[in-house]
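Contents: one structure, followed by commentary.
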Amino acid sequence: MDHLLTMTLLNYDEQIRKASSFADEAPDVAITVTEQKLAESLMEAATEETFDFSRFHDAHTGQLRQLIEAKISGKKIVAVRKKEEPEVINFMDPLRQSIKRVQKGRPEERNGAKKHPRKRTGKAARARGKKKVSYA
């Protein structure tokens with residue numbers, strides 16, 4: 001169309017209305033040259049010259065149509081059971097258990113092992129290691 005600018009996202013061929021089917025419905029609007037260039041550059045960037053919509057078919061709609069026709073003709077429709085979902089591991093559970101163990105006491109204490117005295121550091125430890133010397 002000479003004065004009609006259209007843009008379509010990826011759809012199946014049967015879902016796309018041809019521009020000629022609604023060309024008379026499109027109102028005439030005034031746009032600036034900048035708007036026209038922007039729209040054309042967007043169209044050019046999003047367009048693949050060799051793309052053929054008819055290569056793709058909507059299998060979902062076809063299957064749905066078959067189910068509807070079967071239901072209309074009186075056939076009983078039975079849902080197909082889904083495969084059993086794999087067990088999902090919640091990583092928060094082991095973390096919570098670990099936190100509970102730590103809150104109850106240190107691992108050495110829980111297992112019956114003797115608690116080793118902590119090594120003293122800081123001023124008190126340095127003071128103990130120094131001997132007082134008097135210069136009288």
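Numerical summary
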| quantity | calculated |
| --- | --- |
| Single unsatisfied condition, I31 versus (1) surrounded by 10 or more Cβ atoms within 10 Å (Cβ to Cβ); (2) modelled with pLDDT of 85 or more; (3) in a helix (DSSP H, G or I) | (3) |
| Evaluation of K82 against (1) within 30 Å of R17 (Cβ to Cβ); (2) not in a helix (DSSP H, G or I) (one fails), failing number | (1) |
| Residue check, K114 modelled with pLDDT of 60 or more and of a type in the set (K, R) | no |
| Filter result for D93 (out of contact with any Asp or Glu (no Cβ under 8 Å at 6 or more places or on another chain), loosely packed, with under 10 Cβ neighbours inside 10 Å, closer than 20 Å to R17 by Cα and not aromatic (F, W, Y)) | no |
| Pair list, Cβ < 7 Å and 6+ apart or interchain, from the range 62-74 residues that are over 18 Å from Y12 (Cα atoms) to residues that are of a type in the set (V, I, T) | L67/I77; A70/I77; K71/I77 |
| Residue within the range 72-89 that is surrounded by 10 or more Cβ atoms within 10 Å (Cβ to Cβ) and modelled with pLDDT of 85 or more present | yes |
| In the range 43-61, the residues that are under 25 Å from the mean Cα position of the chain (by Cα) and either free of Cβ contacts under 8 Å to residues at least 12 places away in the same chain or over 16 Å from D13 (Cβ atoms) (or both) | A46, A59, H60 |
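The values are calculated or read from the model by the stated rules, or taken from the named source; none is laboratory data. These numbers come from a predicted model, not from an experiment. Using ideal geometry, Cβ is built from the backbone for each residue, glycine included, and neighbour counts are taken over all protein chains shown.
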